[in-house]
1. With a Förster radius of 41 Å, plug the Cβ-Cβ distance of GLN103 and ASP155 into 1/(1 + (r/R0)^6) and report the FRET value to the nearest 0.05.
2. Take the Cβ-Cβ distance between GLU113 and GLU143 as r, set R0 to 35 Å, and report the resulting FRET efficiency rounded to the nearest 0.05.
3. Work out the FRET efficiency for MET58 and THR33 from their Cβ-Cβ distance, taking R0 = 45 Å, and round it to the nearest 0.05.
Amino acid sequence: MTTNTVSAGSAAASTPRKSTDTGHTTTVGTGATGAAEPAGTRGKTSIADVVVVKIAGMAAREVPGVHDMGGGLSRTFGAVRDRVPGGRPNVGRGVKVEVGERQTAIDIDLVVEYGVPIMDVARDVRENVISAVERTTGLEVVEVNISVDDVHLPDESDDSGAGAEARVE
């Protein structure tokens with residue numbers, strides 16, 4: 001089984017990984033050719049690795065208790081990118097995937113809200129990601145590894161002081 005690893009929104013990884021700009025795709029369905037075959041089976045279907053990254057990222061963000069995704073440096077770059085006019089948020093930030101011919105493994109870095117049970121959030125993220133990826137791509141998800149990198153506290157501001165009262169007049 002050939003695999004390709006894609007990392008979205010990470011500045012560096014501890015193991016060598018190929019970046020998303022490789023354009024790697026995985027063929028998940030090889031169809032038959034010829035006019036005698038049913039129309040739905042003629043040809044092959046290929047899914048780019050970045051598709052799996054985006055699906056997993058969106059599914060993880062849907063879970064209550066997930067505040068943000070990605071490691072500290074990744075979140076910092078993401079916050080800057082989000083403030084640039086015309087910039088789009090990177091839904092794959094904090095998600096790394098290894099995609100084979102029929103299977104995929106997913107690693108996710110999370111920031112959870114303070115007060116939520118981390119194990120419950122991790123379980124819910126795992127279930128939602130597996131369901132979304134398997135339903136959408138047809139690939140079997142063999143594992144979803146979750147790393148909780150931070151806890152968002154209620155008094156922490158996402159705007160770095162914007163809207164805070166001045167201490168002096």
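Values in this text are rule-based calculations from the coordinates and carry no lab data. Keep in mind that what you see is a predicted model, and the values were worked out from it rather than measured. When we count neighbours, we look across all protein chains shown, and the Cβ atoms used for this are built from the backbone with ideal geometry, even at glycine.
1. On the way: r = 43 Å, r/R0 = 1.04.
Calculated value: 0.45.
2. 0.90
3. Details: r = 34 Å, r/R0 = 0.76.
With a Förster radius of 45 Å, E is 0.85.
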